[in-house]
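Before any comments, here is the structure.
The values are calculated or read from the model by the stated rules, or taken from the named source; none is laboratory data. Source: prediction; values computed, not measured. Cβ placement follows ideal geometry from the backbone for every residue including glycine, while neighbour counts extend to all protein chains displayed.
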Amino acid sequence: MKKCDTCGNEYDKCMEINILNKKYTFDCFECAIYQLAPPCSTCQCKIIGHGVEDNNVIYCCVHCAKRAGIKDLKDRH
């Protein structure tokens, strides 16, 4: 059995995700999101969709970007 890198649970159906030559093992998507998804720079929620970016800073939505003073971003559709 493999062990989840986030919670430590040993599980016989773990998934492996390889990113930038680093291998991760997770027992569920929730643990993968917790460990790998970037946080919004304004509200800190995990960004599991497209998000928006300005000058290499990522936000979960245009609303959060506007709260940070960014005016000319648009949500992706």
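A few comments on the model shown:
- Filter result (of a type in the set (Val, Ile, Thr) and farther than 19 Å from residue 48 by Cα) within the range 1-36: none
- So residue 72, is it of a type in the set (D, E, K, R) and surrounded by 15 or more Cβ atoms within 10 Å (Cβ to Cβ): no
- Enumerated strands (runs of 3 or more DSSP E) restricted to the chain, each holding at least 3 residues that are out of contact with any Gly (no Cβ under 8 Å at 6 or more places or on another chain): 15-19, 22-26, 52-54
- Unmet requirement for residue 13, which otherwise passes all of (1) in the same structural domain as residue 68 (by TED's automatic domain parsing); (2) more than 30 Å from residue 69 (Cβ to Cβ): (1)
- Residue in the range 57-69 that is out of contact with any strand residue (DSSP E or B) (no Cβ under 7 Å at 6 or more places or on another chain), among the β-branched types (Val, Ile, Thr) and surrounded by 15 or more Cβ atoms within 10 Å (Cβ to Cβ) present: yes
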